[in-house]
Amino acid sequence: MQATRSIRLPRKLSACRLIHNHSILRSSDPSGRTTSFGFRTVPEESKESLVKGVFDSVASKYDLMNDASSLGVHRLWKDSFVDTLKPGRKGPLRCIDVAGGTGDIALRILDHARENYADRETTVEIVDINAQMLKEGFTRFKKTMYHNTPQVSFHEANAQELPASQFKNDSYDLYTITFGIRNCTSIPAVLSEAYRVLKPGATFACLEFSKVNNPLLSTLYDQYSFTVIPLLGTILAGDRDSYQYLVESIRKFPSQPEFAQMIRDAGFTTGGNFDGGAWTELWGGIASIHTGVKI
């Protein structure tokens, strides 16, 4: 299995230290542009380092925390996501899974293609900006039949600026990003890169947390998110601040219609601007699947 860059374990940074490092938060972006880091407003140039600190901190317990905080439901959502895409149904695909470091979506894609369509030619290139997350994914794949095969590879790269020498224009049949795009500094830049690397007629697919429109469910969800999830972060991972950020980042993400419009602004065509059209809501909108086709 070959990676673009060797996956080295960087010195682990405490997300708590990063979040409270006032010199970082006060650093000035020459452009004066700011962005959100959870409920904080930070210079654009700082967000990447801050997010890196979060995922350095949570990488080894990321799947465990997802199970605990969602009662395992995230696995059902990911299954539905891949089932909707039906990889392998029309023949082998060249896929790119961005922000996919732990490898769970890539493994589902390969398993779906093999088990349903006897497809052993579909490939997935797993891309993540965080070496710690890629290390977790590499370890996961060492336990599978895909290890040391051309079907999967790992690459450390920024979703906003995929190296054009490797991730060429019009190269991929399917681009997936799962619970990752909200952590990027510029969502439009990520979508623009997705459009660039996909072939005409290829699919962009994103599974992400969304807005809950039912008032009662929204209230219950907020209470659970802001009390239980950070507490579980403390108990299971020894890191409350990172999980507090993850909860806050969900609330800052655009609504389903707003994100669908951003996908169209990047050049993709989507279904109608409603649930069941441009997006499909899961569990009342706690998460949604967004898709677009490059025209």
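Calculated over the chain, the projected area of the Cα convex hull averaged across directions stands at 14.9 nm².
Ordering ALA260, ASN169, ILE187 by the projection of their Cα atoms onto the charge dipole of the chain, which places +1 on the Cβ of Lys and Arg and -1 on the Cβ of Asp and Glu, puts ASN169 at the extreme positive end.
When Lys and Arg each count +1 and Asp and Glu each count -1, what net charge do the other residues less than 11 Å away from LYS90, Cβ to Cβ, add up to? Value of the local net charge: 0. For the chain, the 222 nm mean residue ellipticity estimated from helices alone, with every DSSP H stretch of n ≥ 4 adding -39500 (n - 2.57) and the total spread over all residues, rounds to -12000 deg cm²/dmol. Taking Cα centre as origin and charging only the Cβ of basic (Lys, Arg, +1) and acidic (Asp, Glu, -1) residues, the dipole magnitude of segment 137-204 rounds to 280 debye. Residues GLU45, GLU208, GLU136 ordered from highest to lowest accessible area at a 1.4 Å probe: GLU45, GLU136, GLU208.
With only alpha-carbon pairs counted, each pair once and no self-pairs, how large is the Kirkwood hydrodynamic radius of segment 94-199 in angstroms? Here the Kirkwood hydrodynamic radius works out to 13.8 Å. Each Lys and Arg Cβ is given +1 and each Asp and Glu Cβ -1; about its Cα centre, segment 141-295 then shows a dipole of about 260 debye. By the gyration tensor of its Cα atoms, with a ≥ b ≥ c the square roots of the eigenvalues, what is the shape of segment 43-107: rounded for a/c under 1.5, prolate for a/b over b/c, or oblate? Taking the square roots of the gyration eigenvalues as a ≥ b ≥ c, segment 43-107 is oblate.
For ARG75, the solvent-accessible surface computed with a 1.4 Å probe is close to 100 Å², ligands and nucleic acids excluded. Which log10 I(q)/I(0) values, to two decimals, does segment 71-119 give at q = 0.21, 0.26, 0.29 Å⁻¹ under the Debye formula with one point per Cα? Values, matching the q order: -0.72, -1.02, -1.18. In the calculated pair-distance distribution of segment 160-214, the portion above 16 angstrom amounts to 46 percent of the Cα-Cα pairs. The GNM of the chain, with springs linking C-alpha atoms under 10 angstrom apart, assigns the highest mean-square fluctuation among ASN273, ASN214, ASN169 to ASN214.
What net charge is computed for the residues neighbouring THR269, neighbours being all others with C-beta under 15 Å from the C-beta of THR269, Lys and Arg scored +1, Asp and Glu -1?
Net charge in that neighbourhood comes out at +2.
Taking the Cα centre of each part, how many Å lie between segment 268-295 and segment 102-131? Comparing the Cα centres of segment 268-295 and segment 102-131, I get a distance of 22 Å.
Pairs of Cα atoms nearer than 8 Å and 6+ residues apart set the relative contact order; for the chain it is 19 percent. Treating only the Cα positions of segment 194-295 as identical point scatterers, give the base-10 log of I(q)/I(0) from the Debye formula at each q in 0.13, 0.15, 0.16 Å⁻¹. Scattering profile of segment 194-295, log10 relative to I(0): -0.56, -0.69, -0.75.
In whole percent, how big is the carbon plus sulfur part of the accessible area of the chain, probe 1.4 Å, protein atoms only?
The computed percentage sits at 53.
The values are calculated or read from the model by the stated rules, or taken from the named source; none is laboratory data. Please read these numbers as outputs of a predicted model, since none were measured by experiment. Heads up, the Cβs are rebuilt from the backbone with ideal geometry, glycines too, and the neighbour counts pull from every protein chain shown. Each accessible area value is taken on the protein alone, full model and side chains, heavy atoms only, with ligands, DNA and RNA left out. Shrake-Rupley method; radii C 1.70, N 1.55, O 1.52, S 1.80 Å.
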